[in-house]
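First comes the structure, then the notes that go with it.
The values are calculated or read from the model by the stated rules, or taken from the named source; none is laboratory data. Note that this is a predicted model, so its numbers are computed, not measured. Cβ sites come from the backbone with ideal geometry, for glycine too, and all protein chains shown count toward neighbours.
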Amino acid sequence: MEEKKCNVELCSPKVSIVIPTLQEGKYIGSLLAKIISVDQSLEIIVVDGGSTDGTIEVAKKFTDKVYVLNKRGIGRARNYGAFNASGDIIIFMDADVEPQKDFIEKVLSAFKDERVVGATCNIMPKGSSPLLVAFFRFYNLLIWLFSYFKPHSRGEFLAVRRKAFLMVGGFNERLPCLEDHDLAFRLSKIGKVIFLRNLTVYESMRRFKRMGFLKVLNLWVSNYISLMLLNRTISRSWEPVR
């Protein structure tokens, strides 16, 4: 009897992790150490926008794939990392997040379905107030519900099938924000973008702490409405908060 051959992409796909950075010296070491503790074979790509706080030096202690771009832009940084990645599955993460230890296992399980081209998950605040915890629980619920007819995703954690990512042209580099939502919309036209309810990634609340809850919420809502109606955002730039 002939032995069945395993499809490499389905049985053991290679995973690449792309992390854009700018002045992330406070966070990047912790995240990279966490990733390596999960699986040392993961391809880790850090794309920096010109940090001067030691981010680059710290990143080089964990991976030899650290790139520095002359021109900033989160979509540009993520695209650069993805185009230099060799993985079948690419996971985009922000530098100030903390994934659960089994995040690779859960992502690979989801992508066993050939129809899946993208996946996101619960994003929760790390060490925050009851108000923010309640808000993010509600927000995660909305994104999960939207995944059935108009998928959304936040850039804190977004996994994509590399072939599909390249097929839709990657992130829209003209968008200063919501480039993650835009990518999810376009990916959903060629496959399934799903919400992993069994996976949670924790992020720092530095923007909320610096700007205040109502101001951040107003930025999110106004930019989202503009993107939906006009295919562009109100914000001309997305200033980093460090």
Quiz item: Given the residues Leu108, Leu142, which is the only one that is of a type in the set (A, V, I, L, M) and in contact with a strand residue (DSSP E or B) (Cβ under 8 Å, 6 or more places away or on another chain)?
Solution: Leu108
Quiz item: What do you reckon, is Val201 in contact with a Pro (Cβ under 6 Å, 6 or more places away or on another chain) and hydrophobic (A, V, I, L, M, F, W, C)?
Solution: yes
Exercise. Select from region 46-78 the residues that are within 27 Å of Ala164 (Cβ to Cβ) and either out of contact with any helix residue (DSSP H, G or I) (no Cβ under 9 Å at 6 or more places or on another chain) or assigned to a loop (DSSP other than H, G, I, E, B) (or both) and list them in ascending order.
Key: Gly49, Thr63, Lys65, Leu69, Lys71, Arg72, Gly73, Arg76, Ala77
Quiz item: Does at least one position in region 209-219 carry a residue that is surrounded by fewer than 19 Cβ atoms within 10 Å (Cβ to Cβ), modelled with pLDDT of 90 or more and either touching an Asp or Glu at 6+ places or on another chain (Cβ under 7 Å) or closer than 14 Å to Val160 by Cα (or both)?
Solution: no
Quiz item: Going through region 183-204 one residue at a time, which ones are surrounded by fewer than 21 Cβ atoms within 10 Å (Cβ to Cβ) and in contact with a helix residue (DSSP H, G or I) (Cβ under 8 Å, 6 or more places away or on another chain)?
Solution: Ile190, Gly191, Leu196, Arg197, Asn198
Quiz item: What is the residue count in region 87-112 for residues that are without any contact (Cβ under 8 Å) to a residue 24 or more places away in the chain and buried (at least 18 other Cβ atoms within 10 Å of the Cβ)?
Solution: 0
Exercise. Looking for whichever is part of a helix (DSSP H, G or I) and of a type in the set (Lys, Arg) here; the options are Lys112, Lys34, Lys101. Which one fits?
Key: Lys34
Quiz item: How about region 11-36: which of its residues are surrounded by fewer than 17 Cβ atoms within 10 Å (Cβ to Cβ) and in contact (Cβ under 8 Å) with a residue 24 or more places away in the chain?
Solution: Lys14, Lys26, Ser30, Ala33, Lys34, Ile36
Quiz prompt | Conditions (1) free of Cβ contacts under 8 Å to residues at least 24 places away in the same chain; (2) at positive phi; number of the one not met by Trp220 | solution = (2)
Quiz prompt | Tabulated pairs, region 199-216, first farther than 16 Å from Ala159 by Cα and among the basic types (Lys, Arg), second surrounded by 16 or more Cβ atoms within 10 Å (Cβ to Cβ) and at pLDDT 90 or above, C-beta under 8 angstrom, 6+ apart or interchain | solution = Arg206/Asp96; Arg207/Val216
Quiz item: Looking at Arg115, is it surrounded by 19 or more Cβ atoms within 10 Å (Cβ to Cβ) and either closer than 18 Å to Asn198 by Cα or touching a residue at least 24 places away in the same chain (Cβ under 8 Å) (or both)?
Solution: no
Quiz item: Taking only pairs six or more apart or across chains, which ones have beta-carbon atoms under 6 Å, a first residue in region 135-153 that is without any contact (Cβ under 8 Å) to a residue 40 or more places away in the chain and on the phi < 0 side of the Ramachandran plot, and a second residue that is among the aromatic types (Phe, Trp, Tyr) and in a helix (DSSP H, G or I)?
Solution: His152/Phe146
